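K.L.:
Here you go, one structure.
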Amino acid sequence: MPLNIDQLATFAAIVKAGSLGRAAIALNMTQPALSRAMKRLEHQLGVELFERHSKGIQLTEIGKAFLPYATSLQAEANQALEEIRALRGAAKGTVRVGAVASIASSILPQAIGSTLKAWPGLHFDVVEGVWDLLAAGLAKHEIDIALGAETADTDEIVAIRDCCWTDTSRVVAAVGHPLARQPDLTLADTLEERWTIPPQGTGPHQHLERIFAGQGLGLPDIVVRTRSITVLKSLVVGSGFLSWMAEPMFEPERRAGLIAPLAIPGIDGGRTLMAFRRRRGSLPLPSHKFLDALRKLTSIQDRRAQPGL
């Protein structure tokens with residue numbers, strides 16, 4: 001007997017709730033009925049998925065191995081139903097996309113606008129965050145597309161290779177910062193300044209490490225590590241910190257005369273940006289429509305950025 005959507009939803013609800021009682025309330029079922037449903041699933045699979053104890057239940061090792069597949073199957077089934085309703089006109093579909101800050105403040109809004117111009121019935125759920133959070137969101141089916149800096153594929157996440165573009169990161173400071181007026185500024189001159197960047201393991205942190213290492217330098221004094229874009233910009237503008245930001249990320253503050261890049265020669269802050277998806281499963285139809293618009297938009301912008309164009 002094949003698995004069905006109700007079984008997967010029941011299994012997922014029990015895992016999330018941590019007890020049959022709380023799961024029964026969430027599913028609007030009686031606890032005995034829920035217990036019977038789980039026993040039927042375990043009998044069908046020929047294994048025990050949960051260990052029962054006085055304080056609740058927990059997954060067995062087999063249950064832990066089954067969980068990601070059950071989550072993926074449930075998401076795929078729900079996606080199929082949504083697309084069928086969309087094709088029948090009962091729903092229009094939702095694009096669930098996550099992006100790092102520099103993309104969320106530049107290319108993403110333009111791509112959303114282009115998509116809606118061609119497909120006005122679509123809706124968007126947008127998440128902004130650093131890459132490790134977006135990668136986790138993809139793996140957990142919280143989003144279907146993630147937009148970030150180029151990185152290696154994993155067992156769960158792969159790049160969409162024909163959807164890529166470039167931008168440039170710079171060392172930035174408040175417009176009135178003393179280094180902004182210093183002649184013949186070098187990267188070494190920033191070592192004694194207070195810095196704020198995202199934490200270790202994130203794309204901006206790794207990028208900055210490569211920039212300093214490329215000039216034979218260790219990292220500067222990173223006083224504040226934060227994932228908050230608001231905190232990063234506020235520390236730069238109001239507290240004299242330096243930071244490392246992609247140009248689209250600080251463009252509004254540059255236009256307002258608050259933040260400016262420091263004129264440091266010999267720094268190559270270019271990077272490749274890409275769209276990513278889950279390795280397993282199909283991509284929802286609304287996401288395909290968004291990717292088509294994003295490809296066209298980034299292709300035009302990259303051609304404009306090339307010398308002589």
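K.L.:
Yes or no: the stretch 235-242 includes at least one residue that is open to solvent by 40 Å² or more (accessible area, probe 1.4 Å), more than 25 Å from residue 104 (Cβ to Cβ), outside any loop (DSSP other than H, G, I, E, B) and not hydrophobic (A, V, I, L, M, F, W, C).
P.N.:
No, there is no match, as no residue in the stretch 235-242 is open to solvent by 40 Å² or more (accessible area, probe 1.4 Å), more than 25 Å from residue 104 (Cβ to Cβ), outside any loop (DSSP other than H, G, I, E, B) and not hydrophobic (A, V, I, L, M, F, W, C).
K.L.:
Might you let me know whether the stretch 47-54 holds any residue that is touching a helix residue (DSSP H, G or I) at 6+ places or on another chain (Cβ under 7 Å), surrounded by 12 or more Cβ atoms within 10 Å (Cβ to Cβ) and modelled with pLDDT under 85?
P.N.:
Scanning the stretch 47-54, I find no residue that is touching a helix residue (DSSP H, G or I) at 6+ places or on another chain (Cβ under 7 Å), surrounded by 12 or more Cβ atoms within 10 Å (Cβ to Cβ) and modelled with pLDDT under 85, so the answer is no.
K.L.:
On to the next question. Consider the stretch 1-43. How many of its residues are charged (D, E, K, R) and closer than 19 Å to residue 62 by Cβ?
P.N.:
Final tally of qualifying residues: 4.
K.L.:
For the stretch 160-217, give me each residue that is among the small types (Gly, Ala, Ser), at pLDDT below 95 and open to solvent by less than 20 Å² (accessible area, probe 1.4 Å).
P.N.:
Hit for the stretch 160-217 is 169, nothing else.
K.L.:
Looking at the stretch 136-150, which of its residues are open to solvent by 10 Å² or more (accessible area, probe 1.4 Å) and without any contact (Cβ under 8 Å) to a residue 60 or more places away in the chain?
P.N.:
Hits for the stretch 136-150 are 136, 142.
K.L.:
Given the options 291, 262, 283, name the one that is within 26 Å of the chain's Cα centre (by Cα), open to solvent by less than 40 Å² (accessible area, probe 1.4 Å) and modelled with pLDDT of 90 or more.
P.N.:
When all the criteria are applied, what remains is 291.
K.L.:
Could you tell me which of the residues 41, 3, 8, 73 is open to solvent by 80 Å² or more (accessible area, probe 1.4 Å) and either in a loop (DSSP other than H, G, I, E, B) or of a type outside the set (Phe, Trp, Tyr) (or both)?
P.N.:
Step by step, each of 41, 3, 8, 73 is checked, and only 73 is open to solvent by 80 Å² or more (accessible area, probe 1.4 Å) and either in a loop (DSSP other than H, G, I, E, B) or of a type outside the set (Phe, Trp, Tyr) (or both).
The values are calculated or read from the model by the stated rules, or taken from the named source; none is laboratory data. Everything numeric here is computed off the predicted structure, so don't read it as measured data. Heads up, the Cβs are rebuilt from the backbone with ideal geometry, glycines too, and the neighbour counts pull from every protein chain shown. Heads up: the accessible areas ignore ligands, DNA and RNA and are worked out on the full protein's heavy atoms, side chains in. Shrake-Rupley method; radii C 1.70, N 1.55, O 1.52, S 1.80 Å.
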